[in-house]
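J.: Take this structure first; my questions come after.
The values are calculated or read from the model by the stated rules, or taken from the named source; none is laboratory data. As the structure is a computational prediction, the values presented were derived from the model and not from experiment. Glycine also receives a Cβ, built like all others from the backbone with ideal geometry; neighbour counts cover every protein chain displayed.
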Amino acid sequence: MASVKLTGVKKIYDNNVVAVHDFDLEIKDKEFVVFVGPSGCGKSTTLRMIAGLEDISDGTIEIDGEVVNDLQPKDRNIAMVFQNYALYPHMTVYDNIAFSLRLQKRPEDEIYDKVTNAAEILGITEYLMRKPRALSGGQRQRVAIGRAMVRNSKVFLMDEPLSNLDAKLRNQMRAEIILLRQKLNTTFVYVTHDQTEAMTLGDRIVIMKDGYIQQVGTPTEVFEMPKNLFVAGFIGAPQMNIIKTQLTKEGGKYYVKPFGVKLEVDGQKGEDLAKKGVATRDIALGVRPEHITLTHDKNAIPCTLEVNEMMGSELHLHVFTEDGTRLIVRVPTITLDPKDREELVAGKKVYVTFSGKVMHFFDPETTENLLN
Amino acid sequence: MNNEKRHMGMRTLNAVSNTTIHILLVIISIIWIIPFFCIVMQSFRVESTHMVSYVIPHTWGLDNYKNLFAEGSFYPKWYLNTFIIAIFVAVLQTLIVLCMSYTLSRFRFKIRTKLMRFMLILGMFPGMLTLIILYNVLKDLGLTEANSVPGLILVYVASSGMGYYVSKGFFDTIPKSLDEAARVDGATRAQVLYKIIMPLAKPIVIYTILTAFMAPWGDYVFAQYVAHLVPDGYNVAVGLNSWLSLDQIANNYTKFCAGGVLVALPVGILFMCLQKYYVEGVTGGAVKG
């Protein structure tokens, strides 16, 4: 259990490629922080710098108040789970888990207790005498987690631990990691490119792009108040619809006119815009697919249905407006009349609308959220 | 119908090519084995000691083998010299090659690629070019003639780092994340090498030991120059060859054959026991080398 503090951390590779720029972050004791972003955004590099597997080009990393810049991984008191499990193929599961304890020259009795205890928690007791190659992907990942668990380290680092698993197993392991976190009650730093994992696991999410932090916040904060267009697009699936339009201020009220249909920005959002003193201007309007509704109102935005994806509990409708802009609409199947549902086929004309309460307003040039 | 005919045609063609290949292989094997067969036969011939025009001995016996170890014979000394050299070289060269390969496979340092290229080019020059200069250096150090054993060990071990290619190729196939996991688990770089990488690289370690052992075991040219006509400093190859000189061959030919058989024995046994690893080592390194 420990805090982790990164101050001005930078990573420049030998070929002068800058992987991480001035990374500042304080991870509190027992906090679960998730680094998320697309490939090459620097999230794994940052994690590996915390682990000591990559040199730091500039800045400092502190674990529990101690600067660890020049410490070897073994001296940082961390545990790490790798994407490809990194189990030692020539050792049994028991020996894999016991490896770090044996290096510390702990007594065999203690090692036995710790290994069997970890195996019990992870449900791998019956596989202890097997070699890793005789295990399935999920079991291997459990062994990798077990290996990290027995070390009682200050910080638990996880580098895309679920990426190699199939979708079903991934969901199951995700729930298990949440339970594990409750049991271990330690500081976690978790790297993923999957926003669902980030949202469900993290106390706080760090969204990265091109080596820069885009936003740090709780899952609710990054979902409800994305700092810029990148975060807006990255968090939430399917991704947020972005519509280029104009924000107008008339008689103290704000309006937007997407696709020629005038909609009032009502509720808190209108008040917030007024507080910020935002004047009439061009904007990139963001609306999440789940906030767009189908309507029979002919004054709403007319669209043509292109693709209807049946997801089980909901439909993902890909529509395009009269000016050719593509939008995605998420419709819970339970809200649809069975007759209406059958009619939702490619080429069908539909009307969509959304409320002002769920709109996001971005500067089309700087991509920043106007309410930030 | 047509398909069946085509299948039949393919089968006949396969059978013909397989038979041809096997006949060729048998012929090559026979050609290969004839000299060995002759030497073994001659080593058991006791009716005479000079070269004869027949292969199968008229009288069989172990006299030649006994004579090798008779009092006053240099053979045990030569054998011991060769054995000491080969063992030292096998151990030292294996250590150097494995450390070198691990370093070049895992560490990224500024002159890494330049160093690898440099060694590749250097390796293209025949080793014989260094013969004269090496002889002079060893002579200055007092490591020639009767002291040729440490001298030869030095010569064989000195350039062993350059033979890193195969094992580096093998190490490259072992995921780096294993090293990283072990380092996070608390292992030092050295512990990573001998607790994680070495057990996984068993075939290549054995391949390296075998090749490191065999090179000095059968070397003639360097050993001949370094020992320079002092029988105490000979290795087996040089010693045996001295029995083939015009004034000695008449008395020593069958003894020479017996000596040759005993030289081949340990290497043969070693090879048969470790053959599996040897093949794995060569091919394993080649895949991603």
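J.: Output the residue which, of all residues in the range A:99-131 that are among the small types (Gly, Ala, Ser) and closer than 13 Å to residue A:150 by Cα, is farthest from the chain's Cα centre (by Cα). Walk me through it before giving the result.
T.: Let us first name the residues in the range A:99-131 that are among the small types (Gly, Ala, Ser), namely A:100, A:118-119, A:123.
Still in the running and closer than 13 Å to residue A:150 by Cα: A:100, A:118-119.
On the way: A:100: 30, A:118: 28, A:119: 29 Å.
Within the range A:99-131, the match that is farthest from the chain's Cα centre (by Cα) is A:100.
J.: Quickly run through the range A:341-372 and pick out the residues that are farther than 28 Å from residue A:284 by Cβ and either free of Cβ contacts under 8 Å to residues at least 12 places away in the same chain or of a type in the set (S, T, N, Q) (or both).
T.: Result: A:342, A:343.
J.: If you check A:155, A:81, A:93, which single one turns out to be buried (at least 20 other Cβ atoms within 10 Å of the Cβ), in contact with a helix residue (DSSP H, G or I) (Cβ under 8 Å, 6 or more places away or on another chain), more than 30 Å from residue A:18 (Cβ to Cβ) and at pLDDT 90 or above?
T.: Details: A:155 fails: more than 30 Å from residue A:18 (Cβ to Cβ); A:81 fails: more than 30 Å from residue A:18 (Cβ to Cβ).
None of the other options fit; the residue is A:93.
J.: A further question follows. Any residue in the range B:77-96 that is surrounded by fewer than 21 Cβ atoms within 10 Å (Cβ to Cβ) sitting within a Cβ distance under 7 Å of a residue that is of a type in the set (Asp, Glu) and assigned to a helix (DSSP H, G or I)? List the pairs, counting only those 6 or more apart or interchain.
T.: Final answer for the pair search is B:77/B:232.
Yes/no per residue for (1) among the β-branched types (Val, Ile, Thr); (2) within 14 Å of chain A (Cβ to nearest Cβ); (3) more than 17 Å from residue B:97 (Cα to Cα):
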{"site": "B:134", "(1), (2), (3)": "no, no, yes"}
{"site": "B:144", "(1), (2), (3)": "yes, no, yes"}
{"site": "B:150", "(1), (2), (3)": "no, no, yes"}
{"site": "B:155", "(1), (2), (3)": "yes, no, no"}
{"site": "B:161", "(1), (2), (3)": "no, no, no"}
{"site": "B:165", "(1), (2), (3)": "no, no, no"}
{"site": "B:175", "(1), (2), (3)": "no, yes, yes"}
{"site": "B:182", "(1), (2), (3)": "no, yes, yes"}
{"site": "B:185", "(1), (2), (3)": "no, yes, yes"}
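J.: For a quick check of your reading of the model, give me the residue pairs whose first member lies in the range A:158-176 and is polar (S, T, N, Q), whose second is outside any helix (DSSP H, G or I) and at pLDDT below 85, with beta-carbon atoms closer than 9 Å and at least 6 apart or on different chains.
T.: A:172/A:165
J.: Still on this model: Of all residues in the range A:133-151, which are outside any loop (DSSP other than H, G, I, E, B), within 14 Å of another protein chain (Cβ to nearest Cβ) and within 23 Å of residue A:184 (Cβ to Cβ)? Give the derivation first.
T.: Of all residues in the range A:133-151, those outside any loop (DSSP other than H, G, I, E, B) come to A:133-134, A:137-149.
Okay, now just the ones that are also within 14 Å of another protein chain (Cβ to nearest Cβ), so A:133, A:140-141, A:143-149.
A:140, A:141, A:143, A:144, A:145, A:146, A:147, A:148, A:149 - these are the residues of the range A:133-151 that are outside any loop (DSSP other than H, G, I, E, B), within 14 Å of another protein chain (Cβ to nearest Cβ) and within 23 Å of residue A:184 (Cβ to Cβ).
J.: For residue A:156, only one of the following conditions fails: (1) more than 26 Å from residue A:221 (Cβ to Cβ); (2) outside any helix (DSSP H, G or I). What is its number?
T.: (1)
J.: Please pick out the residue among A:142, A:106, A:133, A:151 that is without any contact (Cβ under 8 Å) to a residue 12 or more places away in the chain and closer than 29 Å to residue B:188 by Cα. Spell out the reasoning first.
T.: On the way: A:142 fails: without any contact (Cβ under 8 Å) to a residue 12 or more places away in the chain; A:133 fails: without any contact (Cβ under 8 Å) to a residue 12 or more places away in the chain; A:151 fails: without any contact (Cβ under 8 Å) to a residue 12 or more places away in the chain.
Among A:142, A:106, A:133, A:151, only A:106 is without any contact (Cβ under 8 Å) to a residue 12 or more places away in the chain and closer than 29 Å to residue B:188 by Cα.
J.: Could you pull out every one of the helices (runs of 4 or more DSSP H) wholly within the range B:131-210 that has 1 or more residues that are touching an Asp or Glu at 6+ places or on another chain (Cβ under 8 Å)?
T.: B:148-158
J.: Go through the range A:51-94 and count every residue that is in contact with a strand residue (DSSP E or B) (Cβ under 9 Å, 6 or more places away or on another chain) and in a loop (DSSP other than H, G, I, E, B). Spell out the reasoning first.
T.: Taking the range A:51-94 and keeping what is in contact with a strand residue (DSSP E or B) (Cβ under 9 Å, 6 or more places away or on another chain), we get A:51-65, A:67-69, A:71, A:73, A:76-83, A:86.
Subset that is in a loop (DSSP other than H, G, I, E, B): A:52-57, A:64-65, A:68-69, A:71, A:76-77, A:82-83, A:86.
Residues meeting the conditions: 16.
J.: Please determine whether any residue of the range B:4-19 is loosely packed, with under 14 Cβ neighbours inside 10 Å, of a type in the set (D, E, K, R) and within 29 Å of the chain's Cα centre (by Cα). Give the steps one after another, and end with the answer.
T.: So the first thing to find is which residues in the range B:4-19 are loosely packed, with under 14 Cβ neighbours inside 10 Å, and the list is B:4-19.
Subsequent filtering for residues that are of a type in the set (D, E, K, R) retains B:4-6, B:11.
Those still in the list that are within 29 Å of the chain's Cα centre (by Cα) too: none.
No: the range B:4-19 contains no residue that is loosely packed, with under 14 Cβ neighbours inside 10 Å, of a type in the set (D, E, K, R) and within 29 Å of the chain's Cα centre (by Cα).
J.: Residue B:229: more than 20 Å from the chain's Cα centre (by Cα), at positive phi and surrounded by fewer than 20 Cβ atoms within 10 Å (Cβ to Cβ), yes or no?
T.: It is true that residue B:229 is more than 20 Å from the chain's Cα centre (by Cα), at positive phi and surrounded by fewer than 20 Cβ atoms within 10 Å (Cβ to Cβ).
J.: From the list A:97, A:121, exactly one residue is outside any loop (DSSP other than H, G, I, E, B) and either in contact with a Phe, Trp or Tyr (Cβ under 6 Å, 6 or more places away or on another chain) or within 13 Å of chain B (Cβ to nearest Cβ) (or both). Which is it? Outline the logic, then answer.
T.: Values: A:121 fails: either in contact with a Phe, Trp or Tyr (Cβ under 6 Å, 6 or more places away or on another chain) or within 13 Å of chain B (Cβ to nearest Cβ) (or both).
Matching residue, one of A:97, A:121: A:97.
J.: In addition: When you scan the range A:96-111, how many residues do you find that are surrounded by fewer than 14 Cβ atoms within 10 Å (Cβ to Cβ) and either in contact with a helix residue (DSSP H, G or I) (Cβ under 8 Å, 6 or more places away or on another chain) or not basic (Lys, Arg) (or both)? Reasoning before the result, please.
T.: Filtering the range A:96-111 for residues surrounded by fewer than 14 Cβ atoms within 10 Å (Cβ to Cβ) gives A:104-105, A:107-110.
Narrowing the set further to residues that are either in contact with a helix residue (DSSP H, G or I) (Cβ under 8 Å, 6 or more places away or on another chain) or not basic (Lys, Arg) (or both) leaves A:104, A:107-110.
The number of residues fulfilling the criteria is 5.
J.: Is it the case that some residue within the range A:280-293 is more than 20 Å from residue A:245 (Cα to Cα), in contact with a Ser or Thr (Cβ under 9 Å, 6 or more places away or on another chain) and not polar (S, T, N, Q)?
T.: No; the residues of the range A:280-293 include none that is more than 20 Å from residue A:245 (Cα to Cα), in contact with a Ser or Thr (Cβ under 9 Å, 6 or more places away or on another chain) and not polar (S, T, N, Q).
J.: Restricting attention to the range A:229-241, does a residue exist that is crowded, with 19+ Cβ neighbours inside 10 Å, out of contact with any strand residue (DSSP E or B) (no Cβ under 6 Å at 6 or more places or on another chain) and more than 30 Å from residue A:359 (Cα to Cα)?
T.: The answer is no, given that none of the residues of the range A:229-241 is crowded, with 19+ Cβ neighbours inside 10 Å, out of contact with any strand residue (DSSP E or B) (no Cβ under 6 Å at 6 or more places or on another chain) and more than 30 Å from residue A:359 (Cα to Cα).
J.: Right, something else. Collect the residues in the range A:334-372 that are outside any strand (DSSP E or B) and among the aromatic types (Phe, Trp, Tyr), keeping them in residue-number order.
T.: Result: A:354, single match.
J.: Here is a follow-up. Cβ-Cβ distance below 8 Å, separation of 6 or more or different chains: which pairs start in the range A:36-59 with a residue that is more than 14 Å from chain B (Cβ to nearest Cβ) and end on one that is part of a loop (DSSP other than H, G, I, E, B) and polar (S, T, N, Q)?
T.: Pairs found: A:56/A:69.
J.: Could you check residue A:163 against (1) more than 14 Å from the chain's Cα centre (by Cα); (2) surrounded by fewer than 20 Cβ atoms within 10 Å (Cβ to Cβ) and say which number it fails?
T.: (1)
J.: Would it be correct to say that residue B:237 is within 12 Å of another protein chain (Cβ to nearest Cβ) and either at pLDDT 85 or above or surrounded by 15 or more Cβ atoms within 10 Å (Cβ to Cβ) (or both)? Steps first, answer last, please.
T.: Values: within 12 Å of another protein chain (Cβ to nearest Cβ): no; either at pLDDT 85 or above or surrounded by 15 or more Cβ atoms within 10 Å (Cβ to Cβ) (or both): yes.
Here the answer is no, as residue B:237 does not meet what is asked.
J.: Evaluate the following for residue B:100: is it part of a helix (DSSP H, G or I), surrounded by 12 or more Cβ atoms within 10 Å (Cβ to Cβ) and either of a type outside the set (Gly, Ala, Ser) or assigned by TED's automatic domain parsing to the domain that holds residue B:235 (or both)? Break it down into steps so the answer makes sense when it comes.
T.: Details: part of a helix (DSSP H, G or I): yes; surrounded by 12 or more Cβ atoms within 10 Å (Cβ to Cβ): yes; either of a type outside the set (Gly, Ala, Ser) or assigned by TED's automatic domain parsing to the domain that holds residue B:235 (or both): yes.
Answer is yes for this residue.
Here is a yes/no grid of residues against (1) at pLDDT 85 or above; (2) aliphatic (A, V, I, L, M); (3) more than 29 Å from residue B:51 (Cβ to Cβ); (4) buried (at least 21 other Cβ atoms within 10 Å of the Cβ):
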residue: B:204; (1), (2), (3), (4): yes, yes, yes, yes
residue: B:208; (1), (2), (3), (4): yes, no, yes, yes
residue: B:223; (1), (2), (3), (4): yes, yes, no, yes
residue: B:233; (1), (2), (3), (4): no, no, no, yes
residue: B:256; (1), (2), (3), (4): yes, no, no, yes
residue: B:264; (1), (2), (3), (4): yes, yes, no, no
residue: B:276; (1), (2), (3), (4): no, no, yes, no
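J.: Also, I was wondering about something else. Look at residue A:130 and say whether it is away from chain B (no Cβ under 14 Å) and more than 21 Å from residue A:157 (Cα to Cα). Before the answer, list the steps.
T.: Working: away from chain B (no Cβ under 14 Å): yes; more than 21 Å from residue A:157 (Cα to Cα): yes.
Taking the combined requirement at face value, the residue satisfies it.
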